[in-house]
Amino acid sequence: MDIRGLYLIEGNTNPDFVELENRGLTTVFYKDSFLLKDYTVCKKNLNNLINDLEHTNLKLIININGFKASDQSSLVDPTNNQHRNTLKQAILQLLQDFPVIMGISFDDFHWHSWDGYTDDQKSTILAEFAKEMSETIHKLNPSVEVSASLNWKTQTLQTTAEELDFIIPKINISNSNGIPLSKSIKTLIEETQKRMVIELLTYDTAVNLKPRKLSDIYNEISTVIGINGPNYCLNGSPLIPFGLGFPKRDYSFTEVNIDLNLVSKKKTITEKSSRILTINFLDQNNNPLSDDLLKTIAGKYKIIDQSTGKIIKDFTSFTPDDSVYELALTSEDNRIINPDVSQENHIITVSIVYGNGKTENNELTLTILNLTGIE
């Protein structure tokens, strides 16, 4: 199993799946809340999603929020056989209508507000529920994998996990209880002995779903890969961090160096001329980067006037597609901003985030002249 996934929520604009696949994404987890409320809407949303996935090899797993509706009411009570049958029939219909679906995952698969049961009874009921759903789905199509997303500290996790193909523990900054990510994963591996895809956050739950720093996300991904292999799923808000990659290796011990080169005599160019800045990415052994590592790089550059510190071009993002990347500098990038001088020294700063959250920077200084005929 090699799952590098991203959660999507119905109603949000779909991202560029071709670009995300190029950056390492393997699996889309689609969060649906209409299966039991309005199947017509559910089918319409899925048809649109599948159409957007058409030119990719991305696997599709449907994430069903069966235990809790958007208004916090319970759609499915696992103690109610009629509720169970309704959900089973809905899932069977879904899989028959959309054979492209490779997996079914149940979100928030833990005990909610159903009173009157002991802890042992809760564990038994949820495990039986998971078993019933798994057997129903596997009878229709044995290749469809069944999983569930659960809080890693829930008491019912272990018995539920035994009935599933894999589990998706929610181990992230919002519910870690201050326990390091590495310790949480190791604990789960020891307790469950189960295949798992670790759910991580790309946004800050405390700041209105603000995207987290790419370096923090990569650091957590690297931790997961080092312990559990490349099996993780990023719970993304509508604002997916720019340049997000989905690495399959741990790059904790890899360094990326940046070499900047501008083809010009003595790094001097005429004002408002266009140039190509060549950015060469090499590892610590001076070798070109692997495709997997390259996919994790998110870069940005800015240009300032050396003497005044004035910004000529504020940080602008780019994602390299090769270890030798050509960055186009336009005539506006190479303009003199002080009308009283005939030349200026500009500093181009290139900064990247990569691998397991490391950063690297380099600068190049060039002289801009308002004369012609200088190459």
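List the trypsin sites (Lys or Arg not before Pro) in segment 238-325 that DSSP assigns to loop (not H, G, I, E or B) and whose Cβ has at most 13 other Cβ atoms within 10 Å. Which are they? Don't skip to the end; give the middle numbers.
Working: sites: 248, 249, 265, 266, 267, 272, 275, 295, 300, 302, 310, 313; in loops: 248, 249, 272, 295, 310.
Counting only loop positions with at most 13 other Cβ atoms within 10 Å, the trypsin sites (Lys or Arg not before Pro) in segment 238-325 are 310.
The GluC sites (Glu not before Pro) of segment 311-350 that meet both conditions, a loop assignment by DSSP and at most 11 other Cβ atoms within 10 Å of the site Cβ, are 332.
Leaving out ligands, DNA and RNA, what percent of the accessible area of the chain is carbon and sulfur, probe 1.4 Å? The value for the chain is 44 percent carbon and sulfur by accessible area. When Rg and the Kirkwood Rh are both derived from Cα coordinates, the Rg/Rh ratio for segment 1-83 amounts to 1.04. Net charge of the neighbourhood of residue 351, taken over other residues with C-beta under 11 Å away and scored Lys/Arg +1, Asp/Glu -1, is 0.
Residue 169: net charge of surrounding residues, Cβ under 15 Å, Lys/Arg +1, Asp/Glu -1, itself excluded?
Details: positive: 153, 170, 183, 186, 194, 195; negative: 107, 108, 162, 165, 190, 191, 199, 220.
Surrounding charge for residue 169 is -2.
Taking the Cα centroid of segment 241-308 and of segment 87-106, what is the distance between the two, rounded to the nearest whole Å? Cα centres, segment 241-308 to segment 87-106: 45 Å. Stretched out straight at 0.36 nm per residue, the stretch from residue 330 to residue 50 would grow longer than its current Cα-Cα span by 96.9 nm.
Kirkwood Rh, segment 279-349, all Cα pairs: how many Å?
On the way: mean 1/r = 0.0713 Å⁻¹.
Computed over Cα pairs of segment 279-349, the Kirkwood hydrodynamic radius comes out at 14.0 Å.
With both labels modelled 7 Å from their Cα along Cα-to-Cβ, the residue 98 to residue 57 distance reads 2.2 nm.
Which loop-located GluC sites (Glu not before Pro) does segment 133-225 contain, where loop means any DSSP state but H, G, I, E or B and the Cβ has at most 15 other Cβ atoms within 10 Å? Display every interim value, and only then the final one.
On the way: sites: 135, 145, 162, 163, 190, 191, 199, 220; in loops: 162, 163.
The qualifying sites are 162.
What is the calculated FRET efficiency for residue 77 to residue 210, with r their C-beta to C-beta distance and R₀ = 41 Å, to the nearest 0.05? Efficiency computed from Cβ-Cβ geometry: 0.70. Once the 1.4 Å probe is applied to the protein heavy atoms, the chain comes out at 47 Å² accessible per residue.
Could you grab the relative contact order for segment 1-119? Cα pairs under 8 Å, six or more apart, rounded to a whole percent. Let's see the in-between values first.
Details: 140 pairs, mean separation 28.7, N = 119.
Value for segment 1-119: 24 percent.
Charge dipole (Cα centre; +1 on Lys/Arg Cβ, -1 on Asp/Glu Cβ; no other charges) of the chain amounts to roughly 320 debye. Distance between the pseudo-spin-label points of residue 362 and residue 141 (7 Å out from Cα toward the beta carbon): 4.8 nm.
When averaged across all projection directions, what area in nm² does the alpha-carbon convex hull of segment 241-375 cover? Mind dumping the intermediate values first?
Values: hull surface 34.0 nm².
If you wrap the Cα atoms of segment 241-375 in a convex hull and average its projections, you get 8.5 nm².
Model label sites at residue 370 and residue 118, defined 7 Å from Cα along the beta-carbon direction, differ in position by 8.8 nm. When the charge dipole of the chain is built from unit charges on Cβ atoms (+1 for Lys and Arg, -1 for Asp and Glu) and taken about the Cα centre, the candidate among 203, 3, 307 whose Cα reaches farthest toward its positive end is 307. Label zone of residue 282 (point 7 Å out along Cα→Cβ, amide N under 13 Å): in segment 245-268 this covers 256-261.
Considering helices alone, the calculated mean residue ellipticity of the chain at 222 nm is -8000 deg cm²/dmol, with DSSP H runs of length four and up weighted by -39500 (n - 2.57) and normalised per residue.
Note on the chain: Cα-only Rg and Dmax are 25.4, 87 Å.
The values are calculated or read from the model by the stated rules, or taken from the named source; none is laboratory data. Please read these numbers as outputs of a predicted model, since none were measured by experiment. So basically every Cβ, Gly included, is an ideal-geometry build from the backbone, and we count neighbours across all protein chains shown. Areas reflect the complete protein model, heavy atoms only, side chains present, ligands, DNA and RNA absent. Shrake-Rupley method; radii C 1.70, N 1.55, O 1.52, S 1.80 Å.
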